[in-house]
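These notes are about the structure you will find just below.
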Amino acid sequence: MPSWPKSSPMSPFDQPSLRVVVDANVLVRGTLSATGGSALALEAIKRRRCVLITSRQHLSGLYDVLGRSRITRKYGVTDKERQRLVGRLYAGAILVTPIGTLSLCRDPKDDYLLELALLGQATHLVTEDDDLHGDPAIRSVFRDYGVRLVHVAQFLVDLASASQSTPGE
């Protein structure tokens, strides 16, 4: 289990315009592969080109998945690498604590991500989960709250666009 720093060093004045919740599957893919959209999305988060909205539970889940024996054997992910990644994500993130009252998804496990996005006032929820993308009720709620439900590729387009329109970058 990672040890959590006491506070996040990022000032609210330093934060980029995109506030994103990223499905753990995208973060895992980005960690295990140095190429592809998920790797680019993870790198953007680590370089603080966007703000990650997450929770301790979400980051602990990522830490646990990356520590599974199948993954450590196949990809050689060490405990130190997992700690470094989770610590780096944590340091630049805005933490929220979902209360578990949202019930929109066919798969109740996905409600957690939706709640992270809504409570954290995210601009984007980045996921490859077609179940979420195909649900009109979820899309409607997100539209009402100004959250874009996007695939990794669209997130990268939006990130590039936001970076170009930000003064001083």
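Some points to look at:
- When only Cα pairs below 8 angstrom with a gap of at least 6 residues are kept, the chain shows a relative contact order of 28 percent.
- Straight Cα distances below 20 angstrom link residue 109 to the aspartates and glutamates 23, 64, 128, 129, 130, 131, 135, with same-chain residues fewer than 8 positions distant left out.
- Distance between the modelled labels on residue 81 and residue 119, one decimal in nanometres: 3.1 nm (7 Å Cα→Cβ projection).
- Filtered trypsin sites (Lys or Arg not before Pro), region 48-155: DSSP coil and at most 14 other beta carbons within 10 Å: 68, 106
- Centre separation in Å (Cα based) which lies between region 31-76 and region 90-132: 16 Å
- Pairwise label distance in nanometres, residue 73 with residue 103, each label 7 Å out on the Cα-Cβ vector: 4.0 nm
Every number here is computed from the coordinates shown, using simple stated rules; none is lab data. A quick note: this is a predicted structure, and the numbers were derived from the prediction, not measured. Quick reminder, even Gly has a Cβ in these numbers, built from the backbone with ideal geometry, and neighbours come from all protein chains shown.
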